[in-house]
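Since every read-out is calculated from the coordinates, none of them should be taken as a lab result. As the structure is a prediction and not an experimental result, all values here were calculated from the model. Cβ atoms come from the backbone with ideal geometry, glycine included; neighbour counts cover every protein chain shown.
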Amino acid sequence: MPSDLAQIVGDNVSTLIYSAADIKSAKVGQVTQLTNSRYAKHIEKSMASACFIAEGYSIDSIPNGMALLVCVDPEISFIKALELLHPASIYTPKIAPQALLDDNVKIGNKVYIGPYAVIGKNVVIDDGTTILAGAYVGHNVKIGKNCLIYPYAVIYDDVVMGDNVIIHSGAIIGADGFGYKFRNNIHVKVPQVGNVVLGDNVEIGANTCIDRGALGSTQIGDGTKIDNLVQVGHNNIVGKNVIMCGLTGVSGSCNIEDFAILAGSSGVADHVTIGQGAVVMARSGVATDVKAGSQVFGSPAKDKKTAYKEQIAISKLPELLKKIKILEAKIQAIENKVS
């Protein structure tokens, strides 16, 4: 392990490292990181054997026995250390005897399919993919290379997945979109006959739902990461490297452009465009298009600075109401004297 860490930071490490921890809880034999000045106060009492730190970062007091691992990007170096110290589970390629495979399933090299996984007709599973116990893969699904599907994830018919896709437990990819027409006092279901297309390096969190297109595809671009408990409606076009945080809900036929961020509990109405690099802040409700590069907040969402000013003004209302009552009383007293 010391030689591995040395390769990460380009320096020698003279202590044994067995695992990683945060700076407040790290013990002897563990490596930590200091990337935020707010946590600098914890380093003096830290028992960590090593700490990643940025070049030029000044520390007043370094604990005895702690090796400082100085590097250009300590966060990325720490991530690499985590990967070395806490490697992901490796599954020996095989198809469990309890797995159920339908007709005409094509399986690449080094694929693992766990017990009680169900694989539908005409499914294609490319090299290196892992499908864990109890997962369901519908008919005509195409799964790329080195994908990981966790237990009890559900992949509906016709879904297309790129390479290195991760689907966490409970996620449902390709369920019907929520489409109805109200006629004769009943809701008539609009058949949802499209599919979902996931690009390369996409990660879908636990219990997240991505609906199939009513017609055509719901698309999730390369590198996009979607948190737990997110709802993505039918026919959304989500760009590359988009972030969607937990409890976000996106209605149908939206266009979420590259590098946009939708923070926790944000909501987006249908047929809305979120521009490239835009940020929708937590618990915001978006009803109209958001310009590229902008930051919006509130419900209805508006420019962050404007929304903050309004919030400050609202917080002052009780004080203003008191002043108004005092002024009203004074006016009333003057009127009484005049009359």
Cα-based Debye curve of segment 13-124 sampled at q = 0.11, 0.19 Å⁻¹ gives log₁₀ I(q)/I(0) of -0.53, -0.88
For Lys304, the lysines lying under 16 Å Cα to Cα, once residues fewer than eight places off in the same chain are dropped, come out as Lys291
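Taking only the alpha-carbon atoms of segment 123-243, what semi-axes of the equivalent ellipsoid follow from 5 times the gyration tensor eigenvalues under a square root, in whole Å, largest first?
Values: eigenvalues 125, 43, 34 Å².
Sorted largest first and rounded, they come to 25, 15, 13 Å.
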Check the straight Cα-Cα distances from Lys94 and name the lysines below 16 Å, setting aside those fewer than 8 residues away within the same chain. Lys106, Lys110, Lys145
Hits among lysines - C-alpha to C-alpha of Lys330 under 21 Å, sequence gap 8 or more where chains match: Lys322
Rounded to the nearest Å, the spacing of the alpha-carbon centers of segment 242-278 and segment 313-330 is 39 Å
Which number do you get for Rg(Cα) / (2.2 N^0.38 Å) in the chain? 1.34
Binning every alpha carbon pair distance of segment 200-278 at 5 Å from zero, what are the percents per bin? 5, 18, 29, 33, 13, 2
Scan around Ser217 for amide H atoms under 5 Å from its own, H built in the peptide plane at 1.01 Å from N, and keep only partners 5 or more places away or cross-chain. Asn195
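What ratio of Cα Rg to 2.2 N^0.38 Å holds for segment 42-201?
On the way: Rg = 23.3 Å, N = 160, 2.2 N^0.38 = 15.1 Å.
With N residues counted in segment 42-201, Rg over 2.2 N^0.38 Å equals 1.54.
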Spread of Cα-to-Cα distances over 10 Å intervals beginning at zero, given as percent, for segment 194-235: 34, 56, 10
In sequence order, calculated HN-Hα J values of segment 18-25 (Karplus, 6.51, -1.76, 1.60; Hz; x Gly/Pro): 10, 7, 10, 7, 6, 5, 7, 10
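For the chain, list the DSSP H helices whose alpha carbon atoms reach 20 Å or more along the long axis and whose average Kyte-Doolittle value is -1.0 or above? Working shown, then result.
Details: long enough: 317-338 (31 Å, 0.11).
What comes out of the filter, once short or polar helices are dropped, is 317-338.
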For a quick check: with amide H placed at 1.01 Å from N, whose amide H comes under 5 Å from Lys240's, ignoring anything fewer than 5 positions away on the same chain? Asp258, Phe259
Listed residue (Ala301, Ile173, His42) projecting farthest to the positive dipole end of the chain, Cβ model: Ala301
Compute the separation of the alpha-carbon centres of segment 113-180 and segment 75-95 and state it in Å as a whole number. 22 Å
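Using the 10 angstrom Cβ neighbour count as an exposure proxy, how do Thr288, Thr224 rank, fewest first?
Arranged by neighbour count, lowest to highest, Thr288, Thr224 become Thr288, Thr224.
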